[in-house]
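Remarks on the structure that follows.
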Amino acid sequence: MGAQKGKDLLVKMYDGVSYVTVAGLRSRKIAFNAELVDVTHAESVDRWRELLAGAGVKRASISGRGLFKDAASDALVRQAFFDGAINNCQVIVPDFGAIQGAFQISGLEFSGEHNGEVTFDISLESAGALTFAAL
């Protein structure tokens with residue numbers, strides 16, 4: 001995968017009909033994590049840590065920062081947060097693929113400077129298995 005434009009990394013949320021791009025995001029990030037299960041014991045060689053393969057909990061986090069600029073996606077994000085809803089989301093990574101699955105908004109913050117626009121920060125956490133499709 002060669003260099004890509006950051007603006008082409010998209011975060012989308014399902015509105016019941018189609019995936020709607022969360023508008024106004026200036027920065028976006030998806031992170032994958034897996035917990036480790038340590039099975040080190042008294043007879044581990046030279047006391048090196050041993051891990052149990054495939055046993056940890058996997059999760060994904062999506063975060064973004066931007067400004068609200070599209071009424072439909074603004075309302076979708078706002079309603080999903082206040083309802084505590086778990087929505088299907090999709091992250092498009094250019095020349096890599098699409099990650100899709102259930103996510104819940106875990107954080108929604110607003111800020112603004114006296115001489116600037118109101119911005120928001122959003123954080124989502126995976127709430128089930130994710131799928132990947134190459135593009």
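The values are calculated or read from the model by the stated rules, or taken from the named source; none is laboratory data. What you are looking at is a predicted structure, and each value in this text was computed from that prediction instead of being measured. In this analysis, Cβ positions are derived from the backbone assuming ideal geometry, glycine residues included, and neighbour counts consider all displayed protein chains.
A few comments on the model shown:
- Scope region 1-55; condition on the phi > 0 side of the Ramachandran plot, of a type in the set (Lys, Arg) and surrounded by 12 or more Cβ atoms within 10 Å (Cβ to Cβ); matching residues: none
- Unique match (being over 15 Å from Tyr19 (Cβ atoms) and among the acidic types (Asp, Glu)) among Asp95, Asp70: Asp95
- All conditions in (1) within 21 Å of Phe132 (Cβ to Cβ); (2) touching a helix residue (DSSP H, G or I) at 6+ places or on another chain (Cβ under 6 Å); (3) of a type outside the set (S, T, N, Q); (4) at pLDDT 95 or above hold for Cys89, with the sole exception of (2).
- Strands (runs of 3 or more DSSP E) lying entirely in region 36-135 (those with 3 or more residues that are over 25 Å from Gln4 (Cβ atoms)): 97-112, 118-134
- Only a single criterion out of (1) out of contact with any Leu (no Cβ under 6 Å at 6 or more places or on another chain); (2) under 24 Å from Phe132 (Cα atoms) is not satisfied by Ser111, namely (2).
- Residue that is farthest from the chain's Cα centre (by Cα) [pool: residues in region 103-132 that are aliphatic (A, V, I, L, M) and surrounded by 15 or more Cβ atoms within 10 Å (Cβ to Cβ)]: Leu108
- Count of residues meeting criterion [of a type in the set (Gly, Ala, Ser), touching a residue at least 24 places away in the same chain (Cβ under 8 Å) and surrounded by fewer than 16 Cβ atoms within 10 Å (Cβ to Cβ)] in region 56-89: 2
- For region 1-35, a residue qualifies if it is of a type in the set (Lys, Arg) and assigned to a helix (DSSP H, G or I), and exactly one does: Lys7.
- Residues located in region 1-44, provided they are under 19 Å from the mean Cα position of the chain (by Cα) and of a type in the set (Ser, Thr, Tyr): Tyr14, Ser18, Tyr19, Thr21, Ser27
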